[in-house]
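Structure first, commentary second.
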Amino acid sequence: MSFSWTRVRAMAGKELTEYRRTGSIISTMAVVPLVFILPPMIEIFTSSASALASGDRLIYMLGIPAIVPAVIAAYAVVGERQQGTLEPVLTTPIRREELLLGKAIAALAPSLLMSYLVYGLALALVEIFASAGAATAVLKGGEIIAQVIFTPLVAGWAIWAGMAISTRTRDARVAQQLGTLVSLPVFIVAALIAFGAIHASLGLVLGLGGALAVLDFVGWRVTSALFDRERLITAGK
Amino acid sequence: MQPVGEPGASALSAVGLCKRFGERVAFEDVTFEVGRGEVFGFLGPNGAGKTTTVRTLATLIKPSAGSATVAGLPLRAENEVEIRRRIAVMPESPGLYLRLSVEENLTCFAHLYELPKPKPRIEAALQAVRLLERRADPCGSLSKGLRQRVCLARALLSDPEILFLDEPTSGLDPVAARDVHELIDGLRRQGVTIFLTTHRLDEAERLCDRVAILNTTLRSIGRPDELRDQLFARTLTVHTLAPLPEPGRVFEGLACVESWRAEDSTSYVLGVSDVTVAAPAAVRALVAAGADVLSVGESRHSLQDVYLELVDEDVEGRRR
């Protein structure tokens with residue numbers, strides 16, 4: 001039997017339905033973006049255009065795709081295990097690659113939606129309410145393209161890192177804390193670029209983008225290899 | 001071993017199957033065969049290795065040694081997905097998605113099995129467990145008994161060749177347990193091969209064609225009446241109105257009576273090889289001796305007696 005997109009869709013669909021009905025996930029998705037939109041907005045609306053000229057303030061908002069999916073993905077496997085729902089799923093013909101990809105897609109979709117929505121909101125706020133000088137300093141074509149491209153790459157890294165942790169931990173809360181920690185390096189790099197501590201040269205951007213793309217691709221395989229049915233079923237909860 | 005169903009067509013077999021977790025032996029040297037359409041009971045105390053055996057046969061756990069064939073396929077890594085497609089497992093804990101409705105739970109699993117027309121299959125499964133009218137209810141709102149029924153419907157979705165039921169009535173009240181028994185009885189009539197692990201010996205006796213008693217190793221296997229005969233001598237109990245003056249002269253030498261002993265002054269227990277011969281002979285001898293016979297009856301040992309005898313032997317063995 002070959003790889004089945006039907007099973008991937010079934011797993012993703014189930015996850016998305018559960019997210020919609022889980023208050024804690026909805027609140028995470030609502031609160032985390034606020035944390036990442038407020039600092040750049042405050043600075044943009046309180047600083048002079050010359051002060052905003054260095055750095056790429058809105059890149060700070062890459063924290064949204066770094067943190068939101070990490071929290072969701074870190075719960076994905078260990079959460080099912082704690083609820084006792086993992087074993088019935090593993091007795092079906094689903095392969096571990098299908099199960100993990102389904103869960104990853106389910107974590108990616110709302111994270112991307114939320115990231116792009118909040119980024120779009122930030123752009124609109126700057127365009128409408130910021131001074132002309134501040135808007136010109138902040139709204140750069142290259143930065144917007146980088147944000148659009150980096151959002152799924154960062155989310156992908158956060159998801160595979162979170163899910164890898166989720167397959168090897170016994171407690172959902174620990175997994176979520178570790179998942180957030182693992183996402184921090186990506187976020188820290190984004191923050192350093194945003195506030196001008198690191199100059200985002202084309203070489204750096206391409207290098208980071210390439211590295212994330214490779215990590216995203218390898219992440220699925222590595223996480224699948226870490227997914228050990230026997231350990232997940234028999235190790236103490 | 002004579003599996004029920006088609007001769008020579010075994011649904012499930014294990015030879016010398018063993019699972020160890022490090023130094024700890026979950027089960028070892030387990031050998032059995034289950035015929036197609038047979039309801040096979042797997043009994044044993046807590047920690048005997050029943051659930052681990054089911055998980056091994058369901059490809060969730062790799063055996064440490066031995067071999068098995070499940071639904072016609074050797075239990076090997078390359079067959080795992082196909083084996084899981086041919087079987088269904090109802091674990092002890094239902095493991096339902098509580099925020100999803102009954103129908104959403106089943107739809108998810110129907111897609112995991114890639115069923116071609118899921119809707120009618122889901123309806124048929126819900127009909128079988130009499131839950132069609134609760135299809136839209138969130139599983140979290142259902143009682144434990146109803147959740148077990150949803151779990152059974154989920155297991156039936158894929159029309160499995162073998163259905164593994166792990167403690168299906170564990171924690172259920174008598175009415176809910178009776179419902180599950182009726183459902184299993186229905187499946188048995190449809191010819192589904194069922195591998196049932198249970199603590200409940202009345203359940204096994206009522207539902208199973210054959211049973212195996214596991215206590216890390218397989219202690220015994222056979223039909224419940226075969227196990228009784230293997231372990232316990234068949235006995236007749238005779239009650240008379242007054243003590244017999246010379247019971248030895250009455251019972252000794254009777255056809256098919258192998259031994260006798262007085263239980264009290266008016267009760268006698270006869271060890272017999274064939275009840276149908278020994279009982280009339282005993283009655284004739286008692287009447288000839290002038291005794292007033294109150295009753296002559298076969299003493300029946302239950303499956304529970306068999307189970308306790310075997311498990312107690314293990315406990316005694318460990319103490320020694």
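Laboratory data are not the source of any read-out in this text; all were calculated from the coordinates shown. Please read these numbers as outputs of a predicted model, since none were measured by experiment. No Cβ is skipped: glycine too gets one built from the backbone with ideal geometry, and neighbour counts run over all protein chains shown.
Rounded to two decimals, what is the ratio between the C-alpha radius of gyration of segment B:155-253 and 2.2 N^0.38 Å?
Working: Rg = 20.3 Å, N = 99, 2.2 N^0.38 = 12.6 Å.
So the Cα radius of gyration is 1.61 times the expected 2.2 N^0.38 Å.
Among A:Leu226, A:Ile165, A:Thr91, which residue has its Cα positioned farthest towards the positive end of the charge dipole of segment A:5-235, with +1 placed on the Cβ of Lys and Arg, -1 on the Cβ of Asp and Glu, and the dipole taken about the Cα centre?
The listed residue farthest towards the positive side: A:Thr91.
Can you tell me the equivalent ellipsoid semi-axes for the protein assembly as shown? Use √(5λ) from the Cα gyration tensor, largest first, whole Å. Working shown, then result.
On the way: eigenvalues 930, 89, 76 Å².
Gyration-tensor ellipsoid for the protein assembly as shown: 68, 21, 19 Å.
Would you look at the GNM of chain B, springs on alpha carbons closer than 10 Å, and say which of B:Thr56, B:Thr31, B:Thr240 moves the most?
With Cα springs under 10 Å in chain B, the top fluctuation among B:Thr56, B:Thr31, B:Thr240 is at B:Thr240.
So how compact is segment B:218-289: Cα radius of gyration and Dmax in angstrom?
Just the Cα atoms of segment B:218-289 yield Rg and Dmax of 14.0, 48 Å.
Express in % the proportion of alpha carbon pairs of segment A:138-232 at distances exceeding 20 Å. Spell out each step's value before the answer.
Numbers: 1943 of 4465 pairs.
Here the long-distance tail beyond 20 Å is 44 percent of all Cα pairs in segment A:138-232.
For the protein assembly as shown, what is the mean residue ellipticity at 222 nm derived from helices alone (per DSSP H run of n ≥ 4: -39500 (n - 2.57); sum divided by total residues; nearest 500 deg cm²/dmol)? Don't skip to the answer; put the middle values down first.
Details: 22 runs with 310 residues, N = 557.
Helix-only estimate at 222 nm: -18000 deg cm²/dmol.
By a straight-distance test (C-alpha under 12 Å), which aspartates and glutamates pair with B:Lys119 as possible cross-link partners, with residues fewer than eight away in the same chain excluded?
The reachable aspartates and glutamates, counting only those whose Cα sits under 12 Å from B:Lys119, are B:Glu103, B:Glu104.
Can you list the lysines whose alpha carbon sits under 21 Å from that of B:Lys19, skipping same-chain ones fewer than 8 residues off?
A:Lys237, B:Lys50, B:Lys62
When the Karplus curve 6.51 cos²θ - 1.76 cosθ + 1.60 is applied with θ = phi - 60°, which whole-Hz ³J(HN,Hα) does each residue of segment A:147-161 get, with x for Gly and Pro?
4, 5, 6, 6, 4, x, 5, 5, 4, x, 4, 4, 5, 5, 5
Which residue, B:Gly140, B:Gly66, B:Gly290, tops the fluctuation ranking in a GNM of chain B built on C-alpha contacts under 10 Å?
Result: B:Gly290 has the largest fluctuation of those listed.
Work out the P(r) tail for chain B: percent of alpha carbon pairs separated by more than 39 Å, whole number. Present the calculation step by step, with values, prior to reporting the outcome.
Working: 14417 of 51040 pairs.
Summing the P(r) of chain B above 39 Å gives 28 percent of all pairs.
For segment B:54-60, just list the computed ³J(HN,Hα) in residue order, Karplus coefficients 6.51, -1.76 and 1.60, θ = phi - 60°, integers in Hz, with x standing in for Gly and Pro.
4, 5, 5, 5, 8, 6, 7
If all Cα-Cα distances of segment A:5-235 are sorted into 5 Å bins from 0 onward, what percent lands in each bin, rounded to whole numbers?
Reading the bins upward from 0: 1, 7, 14, 19, 17, 14, 10, 8, 5, 3, 1, 1, 0.
Straight-line reach only, C-alpha to C-alpha below 22 angstrom: list the lysines that B:Lys117 could link to, leaving out same-chain residues fewer than 8 apart.
A:Lys14
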